[in-house]
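Read the structure below first, then the notes.
The values are calculated or read from the model by the stated rules, or taken from the named source; none is laboratory data. Just so it is clear, the structure is predicted and the values come from calculations on it, not from any experiment. All Cβ positions, even for glycine, are placed from backbone atoms using ideal geometry, and neighbour counts span all protein chains on display.
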Amino acid sequence: MKKLLSIVVLLFIAASVFAQAGKKPVIGISSTSGEGTSASAPLTYIESVIRAGGVPVVLPITLDPAIMSRMLDCVDAVIMTGGEDIDPLKWFGEEPVPGMGEIAPVRDSFDIALIRMAVGRGLPLLGICRGHQLLNVAFGGSLFQDIPSQVKGSNVKHSQKAPRYYGTHSITIQKGSLLNKQIGLEKVAVNSYHHQAVKDVAPGFKVTARSADGIVEAMEKIGTTKVFSVQFHPEGFTASNIDTFLGIFQHLVKEAGCFSQLKG
Ligand code: MN
(Lines give C-alpha, C1' and ligand atoms only; values in the text may rest on other atoms or scores of the structure.)
Protein backbone atom coordinates (compact mmCIF):
# COMPACT_ATOMS: atom_id res chain seq x y z
CA MET A 1 0.00 0.00 0.00
CA LYS A 2 2.87 2.37 0.91
CA LYS A 3 4.52 1.53 -2.38
CA LEU A 4 1.33 2.33 -4.29
CA LEU A 5 1.04 5.63 -2.44
CA SER A 6 4.61 6.62 -3.33
CA ILE A 7 3.97 5.75 -6.97
CA VAL A 8 0.90 7.98 -6.90
CA VAL A 9 2.85 10.84 -5.29
CA LEU A 10 5.68 10.47 -7.81
CA LEU A 11 3.19 10.49 -10.69
CA PHE A 12 1.66 13.68 -9.29
CA ILE A 13 5.05 15.39 -9.21
CA ALA A 14 5.94 14.09 -12.67
CA ALA A 15 2.58 15.27 -13.97
CA SER A 16 3.09 18.83 -12.68
CA VAL A 17 6.47 19.01 -14.40
CA PHE A 18 5.04 17.78 -17.71
CA ALA A 19 2.03 20.10 -17.47
CA GLN A 20 4.29 23.10 -17.07
CA ALA A 21 6.18 22.04 -20.15
CA GLY A 22 2.84 22.29 -21.97
CA LYS A 23 3.21 18.93 -23.64
CA LYS A 24 1.05 15.94 -22.83
CA PRO A 25 -2.48 16.61 -21.53
CA VAL A 26 -3.03 15.99 -17.81
CA ILE A 27 -5.83 13.59 -16.94
CA GLY A 28 -7.28 13.74 -13.42
CA ILE A 29 -8.37 10.36 -12.06
CA SER A 30 -10.93 10.27 -9.23
CA SER A 31 -9.60 8.39 -6.22
CA THR A 32 -11.07 5.49 -4.34
CA SER A 33 -12.16 6.29 -0.81
CA GLY A 34 -9.70 3.89 0.85
CA GLU A 35 -11.99 3.85 3.91
CA GLY A 36 -10.73 7.32 4.75
CA THR A 37 -7.09 6.29 5.03
CA SER A 38 -5.61 6.99 1.60
CA ALA A 39 -6.15 8.57 -1.79
CA SER A 40 -5.24 6.23 -4.60
CA ALA A 41 -6.43 4.87 -7.92
CA PRO A 42 -5.88 1.41 -9.39
CA LEU A 43 -2.80 1.26 -11.62
CA THR A 44 -4.94 0.02 -14.51
CA TYR A 45 -6.42 3.54 -14.94
CA ILE A 46 -3.01 5.17 -14.53
CA GLU A 47 -1.35 2.87 -17.07
CA SER A 48 -4.21 3.29 -19.55
CA VAL A 49 -3.84 7.08 -19.49
CA ILE A 50 -0.08 6.77 -20.04
CA ARG A 51 -0.57 4.29 -22.91
CA ALA A 52 -3.00 6.75 -24.55
CA GLY A 53 -0.45 9.60 -24.36
CA GLY A 54 -1.76 11.44 -21.29
CA VAL A 55 -0.27 12.23 -17.90
CA PRO A 56 -2.24 10.78 -14.98
CA VAL A 57 -2.82 12.55 -11.67
CA VAL A 58 -4.94 11.21 -8.84
CA LEU A 59 -7.54 13.59 -7.40
CA PRO A 60 -7.95 13.15 -3.62
CA ILE A 61 -11.42 13.43 -2.08
CA THR A 62 -12.31 16.83 -0.60
CA LEU A 63 -15.64 18.49 0.06
CA ASP A 64 -14.20 22.03 -0.16
CA PRO A 65 -15.43 23.52 -3.47
CA ALA A 66 -12.51 25.98 -3.65
CA ILE A 67 -9.96 23.16 -3.39
CA MET A 68 -11.91 21.07 -5.88
CA SER A 69 -11.96 24.00 -8.27
CA ARG A 70 -8.18 24.50 -8.06
CA MET A 71 -7.69 20.76 -8.62
CA LEU A 72 -9.66 21.07 -11.84
CA ASP A 73 -7.56 24.10 -12.88
CA CYS A 74 -4.61 21.68 -12.99
CA VAL A 75 -6.14 19.06 -15.31
CA ASP A 76 -7.26 18.94 -18.95
CA ALA A 77 -9.77 16.08 -18.54
CA VAL A 78 -11.22 13.84 -15.85
CA ILE A 79 -11.80 10.08 -15.47
CA MET A 80 -14.40 8.99 -12.89
CA THR A 81 -13.40 5.53 -11.69
CA GLY A 82 -15.25 2.42 -10.51
CA GLY A 83 -16.15 1.55 -6.94
CA GLU A 84 -18.99 1.40 -4.45
CA ASP A 85 -22.75 1.63 -5.03
CA ILE A 86 -24.34 5.08 -5.05
CA ASP A 87 -26.64 6.05 -2.15
CA PRO A 88 -30.13 5.85 -3.73
CA LEU A 89 -31.98 7.76 -1.00
CA LYS A 90 -29.74 10.81 -1.15
CA TRP A 91 -29.05 11.01 -4.86
CA PHE A 92 -32.13 9.77 -6.68
CA GLY A 93 -34.82 9.62 -4.02
CA GLU A 94 -35.34 5.86 -3.69
CA GLU A 95 -35.44 3.70 -0.57
CA PRO A 96 -32.56 1.15 -0.58
CA VAL A 97 -33.59 -2.32 -1.75
CA PRO A 98 -32.19 -5.39 0.11
CA GLY A 99 -29.80 -6.11 -2.79
CA MET A 100 -28.05 -2.73 -2.53
CA GLY A 101 -24.32 -3.07 -1.80
CA GLU A 102 -21.72 -1.04 0.08
CA ILE A 103 -21.99 2.75 -0.24
CA ALA A 104 -19.44 5.54 0.32
CA PRO A 105 -21.27 8.75 1.31
CA VAL A 106 -18.31 11.16 1.29
CA ARG A 107 -17.02 9.80 -1.99
CA ASP A 108 -20.53 10.17 -3.47
CA SER A 109 -20.61 13.86 -2.53
CA PHE A 110 -17.12 14.55 -3.88
CA ASP A 111 -17.62 12.61 -7.10
CA ILE A 112 -20.96 14.21 -7.96
CA ALA A 113 -19.75 17.74 -7.17
CA LEU A 114 -16.60 17.11 -9.22
CA ILE A 115 -18.57 15.83 -12.22
CA ARG A 116 -20.94 18.82 -12.17
CA MET A 117 -18.06 21.28 -11.82
CA ALA A 118 -15.92 19.61 -14.51
CA VAL A 119 -18.69 19.31 -17.10
CA GLY A 120 -19.90 22.81 -16.17
CA ARG A 121 -16.55 24.31 -17.13
CA GLY A 122 -16.29 22.30 -20.34
CA LEU A 123 -13.70 19.72 -19.29
CA PRO A 124 -13.72 16.41 -21.19
CA LEU A 125 -14.89 13.60 -18.90
CA LEU A 126 -14.96 9.80 -19.12
CA GLY A 127 -17.07 7.84 -16.62
CA ILE A 128 -16.25 4.18 -16.00
CA CYS A 129 -18.60 1.75 -14.16
CA ARG A 130 -19.49 3.66 -10.96
CA GLY A 131 -18.34 6.78 -12.83
CA HIS A 132 -20.80 6.00 -15.64
CA GLN A 133 -23.63 5.62 -13.13
CA LEU A 134 -22.57 8.78 -11.26
CA LEU A 135 -22.56 10.82 -14.46
CA ASN A 136 -26.15 9.76 -15.04
CA VAL A 137 -27.21 10.54 -11.46
CA ALA A 138 -25.30 13.87 -11.38
CA PHE A 139 -27.47 15.15 -14.24
CA GLY A 140 -30.82 13.85 -13.04
CA GLY A 141 -30.92 10.17 -14.05
CA SER A 142 -31.63 7.15 -11.84
CA LEU A 143 -30.24 3.63 -11.33
CA PHE A 144 -31.29 0.05 -10.86
CA GLN A 145 -29.85 -0.59 -7.40
CA ASP A 146 -29.52 -4.32 -8.02
CA ILE A 147 -29.93 -5.93 -11.45
CA PRO A 148 -30.75 -9.51 -10.28
CA SER A 149 -33.68 -8.37 -8.09
CA GLN A 150 -34.87 -5.36 -10.11
CA VAL A 151 -34.43 -6.05 -13.82
CA LYS A 152 -37.04 -8.62 -14.74
CA GLY A 153 -35.91 -11.03 -17.43
CA SER A 154 -32.21 -10.11 -17.21
CA ASN A 155 -30.42 -13.34 -18.05
CA VAL A 156 -26.96 -11.91 -18.66
CA LYS A 157 -24.24 -12.33 -16.02
CA HIS A 158 -22.91 -8.85 -15.19
CA SER A 159 -20.68 -9.99 -12.31
CA GLN A 160 -18.09 -12.01 -14.14
CA LYS A 161 -15.66 -14.39 -12.51
CA ALA A 162 -13.00 -14.00 -15.18
CA PRO A 163 -9.84 -11.85 -15.48
CA ARG A 164 -10.33 -8.10 -16.03
CA TYR A 165 -8.70 -8.24 -19.49
CA TYR A 166 -11.30 -10.75 -20.69
CA GLY A 167 -14.74 -9.91 -22.11
CA THR A 168 -17.56 -12.24 -21.09
CA HIS A 169 -20.76 -10.62 -22.39
CA SER A 170 -21.43 -8.85 -25.66
CA ILE A 171 -22.71 -5.33 -26.23
CA THR A 172 -24.28 -3.81 -29.32
CA ILE A 173 -23.02 -0.32 -30.12
CA GLN A 174 -24.97 2.35 -31.98
CA LYS A 175 -23.40 3.15 -35.35
CA GLY A 176 -21.96 6.67 -35.48
CA SER A 177 -21.80 7.01 -31.69
CA LEU A 178 -18.63 8.13 -29.92
CA LEU A 179 -17.92 4.60 -28.69
CA ASN A 180 -18.40 3.23 -32.20
CA LYS A 181 -15.89 5.75 -33.58
CA GLN A 182 -13.45 5.25 -30.71
CA ILE A 183 -13.11 1.48 -31.10
CA GLY A 184 -14.39 0.94 -34.65
CA LEU A 185 -16.82 -1.84 -33.68
CA GLU A 186 -20.60 -2.29 -33.50
CA LYS A 187 -20.45 -5.47 -31.46
CA VAL A 188 -17.82 -6.46 -28.91
CA ALA A 189 -17.34 -8.59 -25.79
CA VAL A 190 -16.80 -6.53 -22.63
CA ASN A 191 -15.83 -7.37 -19.07
CA SER A 192 -18.55 -6.85 -16.46
CA TYR A 193 -18.30 -6.13 -12.72
CA HIS A 194 -21.52 -4.42 -11.73
CA HIS A 195 -24.88 -5.14 -10.18
CA GLN A 196 -26.19 -1.56 -10.46
CA ALA A 197 -27.11 -0.04 -13.83
CA VAL A 198 -28.51 3.09 -15.45
CA LYS A 199 -32.35 3.12 -15.29
CA ASP A 200 -33.79 6.50 -16.34
CA VAL A 201 -31.25 8.23 -18.58
CA ALA A 202 -30.42 11.81 -17.54
CA PRO A 203 -31.84 14.59 -19.72
CA GLY A 204 -29.30 15.66 -22.33
CA PHE A 205 -27.72 12.20 -22.58
CA LYS A 206 -28.28 9.27 -24.93
CA VAL A 207 -27.64 5.54 -24.70
CA THR A 208 -25.05 4.32 -27.21
CA ALA A 209 -24.61 0.64 -26.26
CA ARG A 210 -26.63 -2.11 -24.57
CA SER A 211 -26.09 -5.70 -23.53
CA ALA A 212 -28.49 -8.42 -24.75
CA ASP A 213 -30.79 -7.91 -21.73
CA GLY A 214 -31.09 -4.19 -22.47
CA ILE A 215 -28.75 -2.91 -19.75
CA VAL A 216 -27.17 0.45 -20.65
CA GLU A 217 -23.47 -0.23 -21.29
CA ALA A 218 -22.48 3.18 -22.76
CA MET A 219 -23.78 6.75 -22.82
CA GLU A 220 -22.76 10.12 -24.20
CA LYS A 221 -23.81 13.73 -23.69
CA ILE A 222 -25.79 15.00 -26.66
CA GLY A 223 -24.21 17.77 -28.72
CA THR A 224 -20.59 17.31 -27.61
CA THR A 225 -17.77 14.83 -28.16
CA LYS A 226 -16.26 15.50 -24.73
CA VAL A 227 -18.48 13.71 -22.20
CA PHE A 228 -19.08 9.95 -22.37
CA SER A 229 -19.19 6.87 -20.20
CA VAL A 230 -19.08 3.07 -20.21
CA GLN A 231 -20.44 0.50 -17.77
CA PHE A 232 -17.58 -1.93 -18.43
CA HIS A 233 -13.89 -1.51 -17.54
CA PRO A 234 -11.83 -0.65 -20.66
CA GLU A 235 -8.78 0.00 -18.45
CA GLY A 236 -8.76 -3.71 -17.55
CA PHE A 237 -7.89 -4.48 -21.18
CA THR A 238 -5.73 -1.45 -21.99
CA ALA A 239 -3.44 -1.89 -18.99
CA SER A 240 -2.87 -5.50 -20.09
CA ASN A 241 -1.73 -4.34 -23.55
CA ILE A 242 -4.96 -5.46 -25.23
CA ASP A 243 -5.82 -2.60 -27.56
CA THR A 244 -9.52 -3.23 -28.27
CA PHE A 245 -10.58 -0.27 -26.09
CA LEU A 246 -7.43 1.91 -26.21
CA GLY A 247 -9.32 4.29 -28.55
CA ILE A 248 -11.59 5.33 -25.66
CA PHE A 249 -8.62 6.71 -23.73
CA GLN A 250 -6.98 8.13 -26.86
CA HIS A 251 -10.16 10.05 -27.63
CA LEU A 252 -10.21 11.49 -24.08
CA VAL A 253 -6.56 12.51 -24.34
CA LYS A 254 -7.22 14.14 -27.74
CA GLU A 255 -10.16 16.11 -26.32
CA ALA A 256 -7.99 17.04 -23.32
CA GLY A 257 -5.33 18.40 -25.69
CA CYS A 258 -7.93 20.60 -27.42
CA PHE A 259 -9.20 21.84 -24.04
CA SER A 260 -5.64 22.55 -22.92
CA GLN A 261 -4.98 24.70 -26.00
CA LEU A 262 -8.21 26.64 -25.51
CA LYS A 263 -7.23 27.25 -21.89
CA GLY A 264 -3.96 28.65 -23.27
MN1 MN B 1 -22.33 -5.56 -17.95
Q.
Cβ-Cβ under 7 Å, sequence separation 6+ or interchain: first residue in segment 223-243 and under 11 Å from residue 82 (Cβ atoms), partner among the polar types (S, T, N, Q). Which pairs?
A. 232/191; 232/192; 233/191; 235/44; 235/48; 236/44; 236/191
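Okay, residues lined up against (1) charged (D, E, K, R); (2) touching a residue at least 60 places away in the same chain (Cβ under 8 Å); (3) assigned to a loop (DSSP other than H, G, I, E, B):
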| residue | (1), (2), (3) |
| --- | --- |
| 29 | no, no, no |
| 57 | no, no, no |
| 63 | no, no, yes |
| 96 | no, no, yes |
| 99 | no, yes, yes |
| 108 | yes, no, no |
| 111 | yes, yes, no |
| 122 | no, yes, yes |
Q) Which residue out of 184, 236, 247 is on the phi > 0 side of the Ramachandran plot and not hydroxyl-bearing (Ser, Thr, Tyr)? A) 184
Q. Which ones in segment 129-159 are of a type in the set (Val, Ile, Thr), outside any loop (DSSP other than H, G, I, E, B) and touching a Ser or Thr at 6+ places or on another chain (Cβ under 6 Å)?
A. 147
Q: Just give me the residues in segment 76-94 being charged (D, E, K, R), surrounded by 15 or more Cβ atoms within 10 Å (Cβ to Cβ) and either touching a Gly at 6+ places or on another chain (Cβ under 6 Å) or part of a helix (DSSP H, G or I) (or both), in sequence order.
A: 85
Q | Scan of segment 188-205 for residues that are free of Cβ contacts under 8 Å to residues at least 60 places away in the same chain and either among the hydrophobic types (A, V, I, L, M, F, W, C) or under 19 Å from residue 118 (Cα atoms) (or both), ordered by number | A | 188, 189, 190
Q: Test each condition in (1) buried (at least 18 other Cβ atoms within 10 Å of the Cβ); (2) more than 16 Å from residue 86 (Cα to Cα) for residue 134 and report the one that comes out false.
A: (2)
Q: Out of 167, 153, report the one residue that is at pLDDT below 95 and within 16 Å of the ligand (Cβ to nearest atom).
A: 153
Q: Only residues that are buried (at least 18 other Cβ atoms within 10 Å of the Cβ) and more than 14 Å from the ligand (Cβ to nearest atom): list them for segment 215-233, please.
A: 220, 221, 226, 227, 228
**Q.** Filter result for residue 89 (among the hydrophobic types (A, V, I, L, M, F, W, C) and touching a residue at least 12 places away in the same chain (Cβ under 8 Å))
**A.** no
(Q) Being in contact with an Asp or Glu (Cβ under 6 Å, 6 or more places away or on another chain) and not polar (S, T, N, Q) is the requirement here; does residue 259 meet it? (A) yes
Q: Name the residue, out of 149, 142, that is in contact with a helix residue (DSSP H, G or I) (Cβ under 8 Å, 6 or more places away or on another chain), hydroxyl-bearing (Ser, Thr, Tyr) and touching a residue at least 24 places away in the same chain (Cβ under 8 Å).
A: 142
Q. Restricting to segment 134-150, what's the tally of residues that are more than 15 Å from the ligand (Cβ to nearest atom) and either over 22 Å from residue 227 (Cα atoms) or of a type in the set (Gly, Ala, Ser) (or both)?
A. 6
Q. How many of the residues making up segment 174-203 are under 18 Å from the mean Cα position of the chain (by Cα) and of a type outside the set (Lys, Arg)?
A. 17
Q: Would you mind finding the one in 212, 197 that is crowded, with 21+ Cβ neighbours inside 10 Å and either of a type outside the set (Lys, Arg) or modelled with pLDDT of 95 or more (or both)?
A: 197
Q.
Could you tell me how many of the residues in segment 113-149 are over 24 Å from residue 164 (Cα atoms), touching a Phe, Trp or Tyr at 6+ places or on another chain (Cβ under 7 Å) and among the hydrophobic types (A, V, I, L, M, F, W, C)?
A. 3
Q: Give 28, 54, 34 a once-over and let me know the one that is modelled with pLDDT under 75 and within 18 Å of the chain's Cα centre (by Cα).
A: 34
